[in-house]
């Protein structure tokens, strides 16, 4: 499964990247909706009712997008080298200064859980 919960072909990093791009598109769309609500001078309740948007979704996205820390971004890394038995972990340094070490062989479910928590904090 990719980060959105949809199934991707086995070993498909492209599927994962598309899911991340889709999330970025959703963030952009919600940022626009939140800006439209501010400019409308309507209450959140009235604005959401007019547009058929769930209030809970609106508040959730507004909170998510209000953080001062930019969202976690990822870069596609490919290698043609076969995996070594003594491979080193991948280390990411987050915008917050925290370090995330991903051990070789980490299962996708664990990585999805960690990424979900990071997105919630972003």
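A compact table of results
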read-out	value
Members of the range 97-108 that are surrounded by 12 or more Cβ atoms within 10 Å (Cβ to Cβ), touching a residue at least 12 places away in the same chain (Cβ under 8 Å) and assigned to a loop (DSSP other than H, G, I, E, B)	104
Within the range 28-57, considering residues that are surrounded by fewer than 15 Cβ atoms within 10 Å (Cβ to Cβ) and within 21 Å of residue 95 (Cβ to Cβ), the one modelled with the lowest pLDDT	28
Residue check, residue 65 surrounded by 14 or more Cβ atoms within 10 Å (Cβ to Cβ), more than 16 Å from residue 111 (Cα to Cα) and modelled with pLDDT of 90 or more	no
Residue identified as at pLDDT below 85, exposed (fewer than 10 other Cβ atoms within 10 Å of the Cβ) and within 15 Å of the chain's Cα centre (by Cα) among 111, 94, 76	76
Residue check, residue 60 at pLDDT 80 or above and exposed (fewer than 12 other Cβ atoms within 10 Å of the Cβ)	no
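The values are calculated or read from the model by the stated rules, or taken from the named source; none is laboratory data. Quick caveat: nothing in here was measured; it's all calculated off a predicted structure. With ideal geometry, Cβ positions are generated from the backbone for all residues, glycine too; neighbour counts draw on all protein chains shown.
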